[in-house]
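Report on the following structure.
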Amino acid sequence: MEQPIQFCTGGGCTAKLGAGILSRILERLPKGPRDPNLLVGYDSKDDGAVYQLTQDLAIVQTVDFFPPMVDDPYTFGKIAATNALSDIYAMGGTVCTALNLVCFPQDGDLNVLGEIMRGGAEKVAEAGGSLVGGHSIADHEVKYGLSVTGIVHPQKVYPNNAGQVGDHLILTKALGTGLVCSATRVGETTPEALQSAVESMTTLNKGAAEVLRDYTVHACTDVTGFGLLGHLHEMMDGDRSCVLWADQIPALPDALRCAGEFLYTAAAQRNRNHLTPHVTFEPGISFEMEELLFDPQTSGGLLVAVPPQDGPELVEALRALGLPAAHIGEIVPKTDQEITVKEK
């Protein structure tokens, strides 16, 4: 007899291990001889690995999977796939192939699994890629995602840590998916707020990435489980600082209210604990805004550092796609305060 599945228990990128834990583990792994064709590896804290094949061609590899954060299996499949595909775009690449990664109860309802995989397959096709296989294991909890391969020109890779002083920081999606999904699980937000979050989480970063190709991009990353501040911390790479303007940060409907009602996640608190030494909130920045900036995003937008002469035009081009893109801050010379959050 098929057993009912407790489908949504709190997943998405809130299920990721904290950045501090990961850093301690990765630092201890043996590096081995350096391969000159490996342009980007895990030691750079970047979004995907980049391996050069020829003078004009490199492959981009990434993998991402997690438990559900919404109750509908089809929607979950779309979100998980959109999230996994995003790392290719964050590296400046084009999606080629994807492999399913599935964990599912042995005696679970296979119709549920079919809907998850249908959602994922649709997003791979929308990205212009081919779904070519995958791997599954029996597990008491549902998990789904993709291993994705893309291609990029070796001279056109977007690193996450090469921003320059004076660069404009551009964010392509609104924040708050963790807050809204957390509130939904306990019935403390509206269906309209959840729908806005789902629309954001199922929007591929493909369109934004295609727009970026017309501009000079110094650095790029996608905003996921470490929150905006966590990914910004990695972008500063210990030798730059930045200013964020709280009043310019786009937020999903009801996200700030959810933060004010303490409907945040354990992952957000791990982000806060890890990042507190690196972030200064100037007087007047609300608790709600702090939580929004620490909030782990599932399938978040791209965070881009571009020269100041490109910033305004890039924002307009992104908004023309219907994205809530915003100029949220700037990179400044290194100071004792790595990230300062203030009003503009």
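The values are calculated or read from the model by the stated rules, or taken from the named source; none is laboratory data. Because the structure is predicted, anything quoted here is derived from the model rather than measured. Here Cβ is always computed from backbone atoms with ideal geometry, including for glycine, and neighbour counts include all displayed protein chains. Accessible surface is based on the protein model in full, side chains and every heavy atom, while ligands, DNA and RNA are left aside. Shrake-Rupley method; radii C 1.70, N 1.55, O 1.52, S 1.80 Å.
Probe radius 1.4 Å, ligands and nucleic acids ignored: give me the carbon and sulfur share of the accessible area of the range 167-224 as a rounded percent. Mind showing how you got there, number by number?
Numbers: 850 of 1830 Å².
That share works out to 47 percent.
Give the value in nm², to one decimal: projected area of the alpha carbon convex hull of the range 17-173, averaged over all directions. Walk me through the intermediate numbers first.
On the way: hull surface 46.1 nm².
Projected area, direction-averaged: 11.5 nm².
With a 10 Å radius around each residue's Cβ, average the other Cβ atoms per peptide and rank 188-194, 268-274, highest first.
Ranked from most to least packed, the peptides come out as 268-274, 188-194.
What ranking, highest mean first, results for peptides 336-342, 84-90, 203-209 when packing means the other Cβ atoms within 10 Å averaged over each residue? List each step's numbers first, then the result.
On the way: 336-342: 16.9, 84-90: 28.3, 203-209: 21.4.
The densest-packed peptide leads the list: 84-90, 203-209, 336-342.
Any number yet on Rg/Rh for the range 256-344, C-alpha, Kirkwood? Provide the component values of the computation, followed by the final result.
Details: Rg = 14.9 Å, Rh = 15.1 Å.
We get a ratio of 0.99 for the range 256-344.
By a straight-distance test (C-alpha under 16 Å), which aspartates and glutamates pair with Lys173 as possible cross-link partners, with residues fewer than eight away in the same chain excluded?
Asp87, Glu199, Glu210, Asp222, Asp247, Asp254, Asp295, Glu316
Mind grabbing the base-10 log of I(q)/I(0) for the range 223-274 at q = 0.15, 0.28, 0.30 Å⁻¹? Debye formula, identical points on the C-alpha positions, no solvent, two decimal places.
With no solvent term, the Cα-only Debye profile gives -0.51, -1.26, -1.27.
Going down the table (Lys78/Lys344; Lys45/Lys123; Lys123/Lys342; Lys206/Lys334), which pairs top 28 Å between alpha carbons? Before the final figure, lay out the partial values.
Working: Lys78/Lys344 36 Å; Lys45/Lys123 26 Å; Lys123/Lys342 37 Å; Lys206/Lys334 32 Å.
From the list (Lys78/Lys344; Lys45/Lys123; Lys123/Lys342; Lys206/Lys334), the Cα-Cα distance tops 28 Å for Lys78/Lys344; Lys123/Lys342; Lys206/Lys334.
Using the beta-carbon distance between Glu261 and Asp56 and R0 = 51 Å, what value does 1/(1 + (r/R0)^6) give for FRET efficiency, to the nearest 0.05?
0.45
Order the peptides 67-80, 116-129 from the highest to the lowest mean number of other Cβ atoms within 10 Å of their residues. Let's see the in-between values first.
Details: 67-80: 23.6, 116-129: 19.9.
Going by the mean number of other Cβ atoms within 10 Å, highest first, we get 67-80, 116-129.
Let me have the relative contact order for the chain, percent, based on Cα pairs under 8 Å that are six or more residues apart.
Working: 807 pairs, mean separation 79.3, N = 344.
In percent, rounded to a whole number, it is 23.
Carbon-plus-sulfur fraction of the accessible area of the range 236-315, 1.4 Å probe, in percent? Walk me through the numbers before you get to the answer.
Values: 1580 of 3010 Å².
Heavy-atom surface of the range 236-315 belonging to carbon and sulfur, 1.4 Å probe: 53 percent.
Could you pull out every residue, at least 5 positions away or on a different chain, whose amide H is within less than 5 Å of the one on Val332? Hs are placed 1.01 Å off N in the peptide plane, and Pro or chain starts have none.
Amide H neighbours of Val332, under 5 Å, 5+ apart: Gly166, Ser241, Cys242, Val243.
Please list Phe66, Phe226 in order of solvent-accessible area, largest first, computed with a 1.4 Å probe with all protein chains present.
Values: Phe66 10, Phe226 35 Å².
Ranking Phe66, Phe226 by accessible area, largest first, yields Phe226, Phe66.
May I ask for the net charge around Val332, where only other residues with Cβ less than 15 Å from the Cβ of Val332 are counted and Lys, Arg are +1 while Asp, Glu are -1? Walk me through the numbers on the way to the answer.
On the way: positive: Arg240, Lys334, Lys342, Lys344; negative: Asp167, Asp237, Asp239, Glu282, Glu330, Asp336, Glu338.
Computed value for this residue: -3.
Residues with beta-carbon under 12 Å from that of Leu303, excluding Leu303: net charge, scoring Lys, Arg +1 and Asp, Glu -1?
Values: positive: Lys173; negative: Asp47, Asp167, Asp222, Glu234.
Overall, the nearby charge balance is -3.
With no solvent and one equal point scatterer per Cα, compute the Debye intensity ratio I(q)/I(0) for the chain at 0.08, 0.16 Å⁻¹ and report its log10, rounded to two decimals.
Results for the chain at q = 0.08, 0.16 Å⁻¹ read -0.35, -1.50.
Accessible area per residue for the chain in Å², computed with a 1.4 Å probe and the full protein assembly in place, what is it?
Working: 14850 Å² over 344 residues.
Result: 43 Å² of accessible area for each residue.
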